[in-house]
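The structure under discussion appears below in the form of structure tokens.
A short reminder: the numbers here are calculations on the coordinates, not readings from a lab. A quick note: this is a predicted structure, and the numbers were derived from the prediction, not measured. Cβ: placed from backbone, ideal geometry, glycine included. Neighbour counts: every protein chain shown.
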Amino acid sequence: MKTLLEAVPPERHRGEAAVEAVIEKIAAVQAKAPLDGINIPEIHQEPARSHKGERRQPFAPRMAPRDLARRIQDRLGLRCMINHVVVHHTDAQALLDWAHETYEVCGINEFVLVGGGEQAIAYPGPSVPQANALLREQAQIDGLRLGNICIPSRADEAERMAAKVASGADFFTTQILYEAAELNQLLDDLHAQQAPIDEILLAFCPVRNQQNIRFLLWLGVAMPDALEAWLGEIDDQVQARSLEQIRRTWAQIVAHVDSIAANAPQLGVNLAPIGPIGADTTADLATDLAALHAQAMARV
């Protein structure tokens, strides 16, 4: 099972100390629970995706993901993949130039291509399928791997994923998950269609307080009212309950995969802790999820 840790680029105004803090936390997790790689998101200013949540801290420009990736790879020797919003490029050539520079200067050949956050906006750059095809056909990057975002709750997601694979995608990362039902239904849809999906990395996000939950809701994370209430019911139990829910969700998913193992994608995890979640807590969660996966695979 593949385990990735998500590392958010620090805000630029926080300086070198913030970069060091990110690298030190990765090293601390890696020392206790060996990682297969680091997933670095690209953060842009964007509107709320849900009326339920809130973002208390104003947006501030952040370090470029590829610059952080280069520092991590040089210091820790961990493979990094970076998320990149393709629709903001002025044209296809600009995307190609960015990919070549990222590979040649930073040594990165694994990208998660991301589209625009608002359907009403006419973005200048290529769509995600167009970007897949462009990089697959013209980038000439050794060992190129392309990922796209999977949204289990979206209508016709299985068909969308199959089309993205046809355009050049190798794997998918999900939005943050807190329940199993929608992902399991997607797996059933992929199985029924015999869609050629090789790998899906499931994003899980432990939280520590009610403010973290509100931020996840602001991001558009699917969370029923009852689950939201239970997670935040007791202030000093938010972290423990979020970890419990993540373990429960993962166990339900891997048990479901057991029933469709003949045609199921390989599943991995992308741990994306928000707020002051300790390295030991993150490492323990990684270890527990790997053990649950091993138990399920032993039954296949």
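Mind checking the full-extension length gain between Gln57 and Lys32? Use 0.36 nm per residue of separation minus the Cα-Cα distance, one decimal, nm.
Values: separation 25, 0.36 × 25 = 9.00 nm, distance 3.14 nm.
Full-extension gain reported as 5.9 nm.
Quickly estimate the mean residue ellipticity at 222 nm for the chain, helices only: each DSSP H run with n ≥ 4 gives -39500 (n - 2.57), and the total goes over all residues, rounded to 500. Could you put the intermediate results ahead of the total?
Details: 10 runs with 140 residues, N = 300.
So the helix-based figure for the chain works out to -15000 deg cm²/dmol.
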State, to one decimal in nm, how far the label point of Glu159 lies from the label point of Arg75, with both points 7 Å from Cα in the Cβ direction. 4.7
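How far, in nm, would the chain grow between Glu199 and Ala122 when pulled straight, counting 0.36 nm per residue and subtracting the alpha carbon separation? Don't skip to the answer; put the middle values down first.
Numbers: separation 77, 0.36 × 77 = 27.72 nm, distance 3.07 nm.
Here the segment from Glu199 to Ala122 would lengthen by 24.7 nm.
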Given a Förster distance of 51 Å, report the FRET efficiency between Gln237 and Asp97 from their Cβ-Cβ distance, rounded to the nearest 0.05. 0.55
With viscosity set to 1.306 mPa s and temperature to 10 °C, compute the Stokes-Einstein D of region 192-239, Rh being the Kirkwood radius across alpha carbon pairs; µm²/s, no decimals. 125
Assuming 0.36 nm per residue, please report the length gained on full extension of the stretch Leu227 to Glu20 beyond their Cα-Cα distance. 71.0 nm
